[in-house]
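First comes the structure, then the notes that go with it.
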């Protein structure tokens with residue numbers, strides 16, 4: 001078990017001035033290797049079959065425009081008051097991965113909307129890179145998790161929101177589970193106890209630094225949190 005929790009940059013290291021799920025946000029995390037040990041990225045499939053690194057199913061939140069996510073709209077620049085970025089495709093992301101020389105860096109690919117056949121293709125493409133990186137795959141979609149278990153040898157990041165969902169842990173080969181992650185909420189401390197009682201590594205996503213400060217003081221001293229997912233430098 002880690003003496004200190006491993007810190008994963010959620011959608012890259014982008015707060016306060018950059019933009020999530022962009023190559024620069026990922027590069028920021030790599031360059032911050034003293035404090036950041038990996039990244040989480042969101043992978044989504046368009047209706048045309050193209051695979052892109054993007055969280056939402058439309059561009060509204062990041063552009064202010066009511067645009068569906070299509071092969072044309074993904075070319076729309078993402079802007080804030082500081083920078084202009086672009087949505088990377090899977091190929092852009094894999095090309096960037098080839099540049100990483102930090103061989104202990106962790107890559108968490110979270111599958112959003114994606115066909116089962118594409119899940120298998122993505123895992124194979126990453127494996128074919130033969131990079132000495134730690135890669136695991138996660139999803140809130142149980143069908144995707146089952147596909148990963150049955151059709152690949154990949155390590156899995158299990159995502160939980162409620163105590164009831166911890167029952168899924170009873171039906172999975174625990175050797176396939178890299179980490180079980182829960183979003184910080186009122187049930188977090190109960191879910192952490194269940195995860196640790198199952199002998200599994202535990203991750204917690206903190207949306208704010210105040211959430212992190214309040215929770216970590218209670219659980220870190222007992223080494224119950226193994227991974228922290230956050231968008232900022234902690």
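A short reminder: the numbers here are calculations on the coordinates, not readings from a lab. All figures in this text were calculated on a predicted structure; none of them were measured in a lab. Don't worry about glycine lacking a Cβ; one is built from the backbone with ideal geometry, like all the others, and counts go over all protein chains shown.
With the simple model of a label 7 Å out from the Cα in the direction of the Cβ, residue 75 to residue 153 spans 4.1 nm.
Site pair residue 82 and residue 34 shows an inter-label distance of 1.9 nm when each label is modelled 7 Å from Cα along Cα→Cβ.
Only Cα pairs under 8 Å and 6+ residues apart enter the sum, and on that basis the relative contact order of the chain stands at 21 percent.
For the chain, state the average projected area of the convex hull of the C-alpha atoms over all orientations, rounded to one decimal in nm².
On the way: hull surface 50.4 nm².
Dividing the Cα hull surface by four gives the mean projection, 12.6 nm².
Provide the packing ranking of 107-117, 166-176, i.e. peptides ordered by the mean count of other C-beta atoms within 10 Å per residue, highest first. Write down the numbers at each step before the final one.
Values: 107-117: 18.9, 166-176: 12.3.
Per-residue mean Cβ counts within 10 Å order the peptides as 107-117, 166-176.
Rounded to the nearest 10 degrees, the inclination of helix 142-151 to the longest alpha-carbon principal axis of the chain is 90 degrees. For region 104-167, the Cα gyration tensor yields ellipsoid semi-axes of 21, 14, 9 Å (square root of five times each eigenvalue, largest first, whole Å). Relative contact order of region 3-43: 47 percent, from C-alpha pairs under 8 Å at least 6 residues apart in sequence.
Modelled this way, with points 7 Å down the Cα-to-C-beta line, the labels at residue 92 and residue 128 are 2.1 nm from one another. The distance separating the Cα centre of region 140-191 from that of region 3-71 comes to 21 Å.
Take the Cα gyration tensor of region 68-175, multiply each eigenvalue by 5, square-root it, and list the three semi-axes largest first, rounded to whole angstrom.
Numbers: eigenvalues 148, 73, 42 Å².
Three semi-axes, in Å: 27, 19, 15.
Please report the relative contact order for region 107-204, taking Cα pairs under 8 Å with a sequence separation of at least 6, and give it as a percent rounded to a whole number.
Details: 124 pairs, mean separation 22.2, N = 98.
Taking the mean separation of contacting Cα pairs over the length of region 107-204, I get 23 percent.
Enter the angle in degrees (range 0 to 90, nearest 10) between the Cα long axis of helix 209-219 and the first principal axis of the Cα atoms of the chain, meaning the one along which they spread out most. The angle comes out near 30 degrees.
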